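The values are calculated or read from the model by the stated rules, or taken from the named source; none is laboratory data. Treat the numbers as computed from the prediction; the structure is a model and nothing was measured. All Cβ positions, glycine included, derive from the backbone under ideal geometry; neighbour counts span all protein chains shown. To get the accessible areas, we keep the full protein, side chains included, count just its heavy atoms, and leave off ligands, DNA and RNA. Shrake-Rupley method; radii C 1.70, N 1.55, O 1.52, S 1.80 Å.
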Amino acid sequence: MLLSGMKSIVVLFIFLFIFALTARAEQACVSLFSTSNSSFDESISSLISQNKLQEAIWEIRRQGFPDDAKKLESQLRSILVTDKIKRIHFLGEILSENDGTTEALHILFHSGVSAVAKYKRGDGENRNAPRSEIAAYEVSQLFQLHNVPMTVKRKIRGQQMSVQYFVRDLPNGFSRSHRYHPESWLTDYLIAYSDMVSSRFRNKADNYLLDNQDRQILIDNASGFNTDWQSGNKALAQEWETLLYALNKEKLSLKDIAPSREVFAKLKAPTSGEIRNHFHTKLPKQEIENLILRRDHYVKKMSQYIK
């Protein structure tokens, strides 16, 4: 009886010890994102304490601390790529085109950060959906648009998936009246989102979120980067025609969606060689060349509207 009681105490002690280690690990994870920068306001500390790391990164950039944003990005990337998975919830089929489907999982990591993982099944127009999700994030980063949540590649249950940081507590496009932001038009055009406004803006407005400044956060980019089957000029003509068609549908002109001078300068900054180098492991060669053509064409056509 005494032996049995001691065994129970030992088991209880082990349980409490493991619980303490887990709690300590999670607390350490939060403290890892703490920063000594006294210039930050309380909003950033609050976001970090809630594990809203991507939101904190955007806010840090908005407040003018790009180096600190990069440090936090590095930590978030480490979580999405290497952190142990605590729980997986199957979200089901979220896109179906022809014979192809993209399916999604909601993932909770031990750090408390969560993500949406997408993987492909079969063939079809969205056959490269995980690749497109990752490349869309990289476009947002390279051209400093910062309107796509961090998205990385990771193998889960033996399947290569795109893993996108899950943005919490932001309303979707149905929630209030707003206009599609110039930077969102630009991002959609660069990633060759084939049905741009008609799919994203009009029919599937929950495909993006709105931050507190009504800036669109583009969270569903599976249909982008599907132009590598065409020659460069044909792909360029199709995507530019799609942009003009979408603008006409919204009774807008190119002047109406002109980005700021600062955004325009960041768009022009990367050389063709830098774009090729950035995407050489992320997109097929023809897709990269098509992206360069789209960027250069946009710069040429929009330069007259930049104030």
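Of everything in segment 264-285, what is more than 17 Å from residue 138 (Cβ to Cβ) and surrounded by fewer than 18 Cβ atoms within 10 Å (Cβ to Cβ)? Give them in sequence order.
Listed by number, the residues that qualify are 265, 268.
Can you confirm whether segment 221-238 contains a residue that is open to solvent by 30 Å² or more (accessible area, probe 1.4 Å), farther than 28 Å from residue 152 by Cβ and touching a residue at least 60 places away in the same chain (Cβ under 8 Å)?
Checked against the condition, which is being open to solvent by 30 Å² or more (accessible area, probe 1.4 Å), farther than 28 Å from residue 152 by Cβ and touching a residue at least 60 places away in the same chain (Cβ under 8 Å), segment 221-238 yields at least one hit.
Given the options 244, 252, name the one that is closer than 13 Å to residue 186 by Cα, surrounded by fewer than 20 Cβ atoms within 10 Å (Cβ to Cβ) and more than 21 Å from the chain's Cα centre (by Cα).
Among 244, 252, only 244 is closer than 13 Å to residue 186 by Cα, surrounded by fewer than 20 Cβ atoms within 10 Å (Cβ to Cβ) and more than 21 Å from the chain's Cα centre (by Cα).
Take the residues in segment 74-86 that are of a type in the set (D, E, K, R) and over 12 Å from the mean Cα position of the chain (by Cα); name whichever of them is surrounded by the fewest Cβ atoms within 10 Å (Cβ to Cβ).
84
Just the residues that are in a helix (DSSP H, G or I), of a type in the set (S, T, N, Q) and within 24 Å of the chain's Cα centre (by Cα), please, taken from segment 223-241.
Scanning segment 223-241 gives no hits.
Would you please name the residue that is nearest to residue 152 (Cα to Cα), looking only at residues in segment 244-271 that are in contact with an Asp or Glu (Cβ under 8 Å, 6 or more places away or on another chain) and part of a helix (DSSP H, G or I)?
Selected residue: 263.
Residues checked against (1) of a type in the set (Val, Ile, Thr); (2) outside any loop (DSSP other than H, G, I, E, B); (3) modelled with pLDDT of 90 or more:
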position: 138; (1), (2), (3): no, yes, yes
position: 141; (1), (2), (3): no, yes, yes
position: 148; (1), (2), (3): yes, no, yes
position: 169; (1), (2), (3): no, no, yes
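Looking only at residues in segment 87-110 that are surrounded by 19 or more Cβ atoms within 10 Å (Cβ to Cβ) and at pLDDT 95 or above, which one is farthest from residue 156 (Cα to Cα)?
Checked segment 87-110; the qualifying residue farthest from residue 156 (Cα to Cα) is 109.
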